Each structure stands twice: as structure tokens, then as C-alpha cells.
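Remarks on the structure that follows.
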Amino acid sequence: DVKVTQSSRYLVKRTGEKVFLECVQDMDHENMFWYRQDPGLGLRLIYFSYDVKMKEKGDIPEGYSVSREKKERFSLILESASTNQTSMYLCAVCGPLNTEAFFGQGTRLTVV
Amino acid sequence: AQKVTQAQTEISVVEKEDVTLDCVYETRDTTYYLFWYKQPPSGELVFLIRRNSFDEQNEISGRYSWNFQKSTSSFNFTITASQVVDSAVYFCALRSADSNYQLIWGAGTKLIIKP
């Protein structure tokens, strides 16, 4: 199985801080995704990437940016954290169409 | 348009009861893949099963079984003799070329198994 590692399990940041959430995979999969999960709203796609230096906006990209300089690493950036970005953030990785996604353990971010 | 509907927001049953979680999907593609994931209270999503659109055989894995019916665009998940450890949020998802290879997620069903 693919191993997906998110840099932090829990994170507390102040409003206005720049926040980096890192996701690293140990396989050579092209597709990487960042989701946020809030109670009652399911999984919402923020950004995804199909290759190095390639990124596409998901359903809720506002307030976020991403970086993929190396194939194994996909970073989510909150340029200026706000309290409404308090959430659970999940990174996912998948290979070709006929494969499942593998998830990291999630990062619970609290912005105070 | 691609869509996955899990109409049951929350289900609560007593241990040892059987329970079925519903999943209805929409896609124009003829080739697609359906998935079920489990999210226990710890938060990490755990992959349970993948089914492709050309394989309508039902699958059984221990107490878990899945019923895929293309005629009704459904991919339902049944837990037999439920246990407290089955308590989790369960997500159904769809992936196809028409979704640009992204996973389209249902809203999830929270399953509570009471002792």
C-alpha cells in the first residue's frame, strides 16, 4: 500500500499567520489531492495536482494555494490563516483511474 | 454530471443487527469505479473496496458485503452482525474519466452501533 504522511496531526496557528501543510507519498503516483472536512459538509476538494509543478483548483480554493516541486510532495499553503479555516485537512494520493485513493492521517488545524 | 448520493445522514442500530448503507451514483461514463471508505473516530480514511463498472458480482468480505446494481445505479454496503467497532463514518465515492479522474464523494453516513 501507498504510505501517505502529513507533517502534523494537530496544529494551532494564529489569525494572519502563513501556514504550511505538507503531504509526502512513498510511491510514484501522479495524482495528489487536498481536501478539507467539516461536520455535515463531507469532503471538499481544495486543490489537486496531476504532476510536478501542475495544479488545478478544486471546489473551494479561495484562501489557499499549493506547491508541488517534487513528485512525492504536495504542500497546502494558507497565505493568511483565518478562523474559518479551522478544519480537518486530508491529503490523498492515487494512481491510474482503476486505483483507489490513499489518505494521510489528517491534520486538525485550529486558527485562533 | 457526476454525483454520489448517500441519503442516510446517520444510522443507529444495536449491536448484532444487520445494517445497510445506501449509495446511489450518477455518471455518463461507461467505465467507472466505485469505492467505499471507512473513517473511524481517529480520522484517517480507510479504503474498503473498489468495484469497476463491468463487474456486477456482489462481494463479501467477512461481515461486510457489497451489492452493485447498474440498473439502479446503486452500490450498497451491508454489515452483518454489526459490532461497536463498526461505528464510523462511511463514504461512497466514484471515479471516472468524466470526472477528470477525481474522486466524487458522497456526503457520508455516520453509523452508530450501540452495545
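The values are calculated or read from the model by the stated rules, or taken from the named source; none is laboratory data. Nothing here was measured: the structure is a model prediction, and the numbers come from that model. Neighbour counts run over all protein chains shown; Cβ positions are idealised from the backbone, glycine included. Keep in mind that these areas ignore ligands, DNA and RNA; they rest on the heavy atoms of the full protein, side chains included. Shrake-Rupley method; radii C 1.70, N 1.55, O 1.52, S 1.80 Å.
Please work through chain A and write down the cysteines that have no neighbouring cysteine Cβ at a distance under 4.7 Å.
A:94
Output the relative contact order of the stretch B:60-115, whole-number percent, from Cα pairs under 8 angstrom with separation of 6+ residues.
Details: 71 pairs, mean separation 16.4, N = 56.
With pairs under 8 Å counted, the relative contact order is 29 percent.
Please work out how much length the chain gains when fully extended from residue A:26 to residue A:82, using 0.36 nm per residue of separation minus the C-alpha to C-alpha distance, in nm with one decimal. If you can, show how the numbers build up before the last one.
Details: separation 56, 0.36 × 56 = 20.16 nm, distance 3.14 nm.
Once the chain is fully extended between residue A:26 and residue A:82, it gains 17.0 nm.
Using only protein heavy atoms and a 1.4 angstrom probe, determine the accessible area buried between B and A, summed over both sides, in Å² to the nearest 100.
Details: alone 6390 and 6230 Å², together 10790 Å².
For B against A, buried area totals roughly 1800 Å².
Please report, largest first and rounded to whole Å, the three semi-axes of the ellipsoid equivalent to the protein assembly as shown, where each semi-axis is the square root of five times an eigenvalue of the C-alpha gyration tensor. Walk me through the numbers on the way to the answer.
Numbers: eigenvalues 179, 91, 44 Å².
Semi-axes, largest first: 30, 21, 15 Å.
Can you tell me the FRET efficiency between residue B:14 and residue B:46 if r is taken as the Cβ-Cβ distance and R0 is 35 Å, rounded to the nearest 0.05? Show your work: numbers first, answer last.
On the way: r = 24 Å, r/R0 = 0.68.
So, using R0 = 35 Å, E works out to roughly 0.90.
Can you give the FRET efficiency to the nearest 0.05 for residue A:18 and residue B:110, using r as the Cβ-Cβ distance and R₀ = 25 Å? If you can, show how the numbers build up before the last one.
Working: r = 34 Å, r/R0 = 1.37.
That gives a FRET efficiency of 0.15.
Which of the residues in the stretch B:84-109 lose at least 40 Å² of accessible area when you go from the chain alone to all protein chains together (probe 1.4 Å)?
B:95, B:101, B:102, B:103, B:105
Could you work out what % of the accessible surface of chain A is carbon and sulfur, using a 1.4 angstrom probe and leaving DNA, RNA and ligands out of the count? Intermediate results must be reported in sequence, preceding the final value.
On the way: 2600 of 5290 Å².
Heavy-atom surface of chain A belonging to carbon and sulfur, 1.4 Å probe: 49 percent.
Compare the Cα positions of A:64, A:24, A:90 along the charge dipole of chain A (+1 at Cβ of Lys, Arg; -1 at Cβ of Asp, Glu; about the Cα centre) and return the one farthest towards the positive end.
Value computed over the given set: A:64.
Rg and Dmax of the stretch A:56-95, Cα atoms, in Å?
11.3, 34
Restricting to chain A, what percent of DSSP beta bridges are antiparallel, rounded to 5? Don't skip to the end; give the middle numbers.
Details: 36 of 40 bridges.
Taking every DSSP beta bridge with both residues in chain A, the antiparallel ones total about 90 percent.
Once you charge only the Cβ atoms, +1 for Lys and Arg and -1 for Asp and Glu, what is the size of the charge dipole of the protein assembly as shown about its Cα centre, to the nearest 20 debye?
Working: 26 positive and 28 negative charges, 114 e Å.
The calculation lands at about 540 debye.
May I ask you to give the average projected area over all directions of the convex hull of the Cα atoms of chain B, in nm² rounded to one decimal? Don't skip to the end; give the middle numbers.
On the way: hull surface 27.0 nm².
Taking the Cα atoms of chain B, their convex hull projects to 6.8 nm² on average.
What does the structure give for B:42-54 when I average, per residue, the other chain Cβ atoms found within 10 Å of the residue Cβ? Please list the in-between numbers first.
Values: counts 3, 10, 7, 11, 2, 6, 1, 1, 4, 0, 2, 0, 0.
Partner Cβ neighbours, averaged per residue: 4.
Restricting to DSSP loop positions (anything but H, G, I, E, B) with no more than 13 other Cβ atoms inside 10 Å of their own Cβ, which trypsin sites (Lys or Arg not before Pro) remain in the stretch B:1-91?
Details: sites: B:3, B:16, B:28, B:38, B:50, B:51, B:63, B:70; in loops: B:16, B:28, B:63.
Those that pass, being in a loop and sparsely packed, are B:16, B:28, B:63.
Tally the DSSP beta bridges in the protein assembly as shown and give the antiparallel ones as a percent, rounded to 5.
Numbers: 72 of 81 bridges.
Beta bridges within the protein assembly as shown, antiparallel portion: roughly 90 percent.
Counting only heavy atoms of the protein chains, get the accessible area per residue of the protein assembly as shown (1.4 Å probe) and round it to a whole Å² value.
Details: 10790 Å² over 227 residues.
On a per-residue basis, the protein assembly as shown sits at 48 Å².
Over 25 Å between Cα atoms: which of A:70/B:110; A:3/A:55; A:3/A:70; A:3/B:38 fall into that group?
On the way: A:70/B:110 37 Å; A:3/A:55 21 Å; A:3/A:70 16 Å; A:3/B:38 17 Å.
From A:70/B:110; A:3/A:55; A:3/A:70; A:3/B:38, over 25 Å: A:70/B:110.
Compute the relative contact order of chain B as a whole-number percentage, counting only Cα pairs closer than 8 Å that sit 6 or more residues apart in sequence.
Details: 282 pairs, mean separation 43.7, N = 115.
That works out to 38 percent.
Full-extension gain between residue A:110 and residue A:3, please, as 0.36 nm times their residue separation minus the C-alpha to C-alpha distance.
On the way: separation 107, 0.36 × 107 = 38.52 nm, distance 2.51 nm.
Fully extending the segment from residue A:110 to residue A:3 adds 36.0 nm.
Lys and Arg at +1, Asp and Glu at -1: add these up for the other residues within a Cβ distance under 12 Å of residue A:78 and post the number.
Working: positive: A:13, A:14, A:18, A:36; negative: A:17, A:62, A:79.
In short, +1.
Quick one: the Cα spread of chain A along its three principal axes, in angstroms, biggest first?
On the principal axes, chain A reaches 39, 28, 24 Å in Cα extent.
Name the long-range amide H neighbours of residue A:13: under 5 Å, sequence gap of 5 or more, or other chain; modelled H, no Pro or chain starts.
Hits under the 5 Å cutoff: A:110, A:111, A:112.
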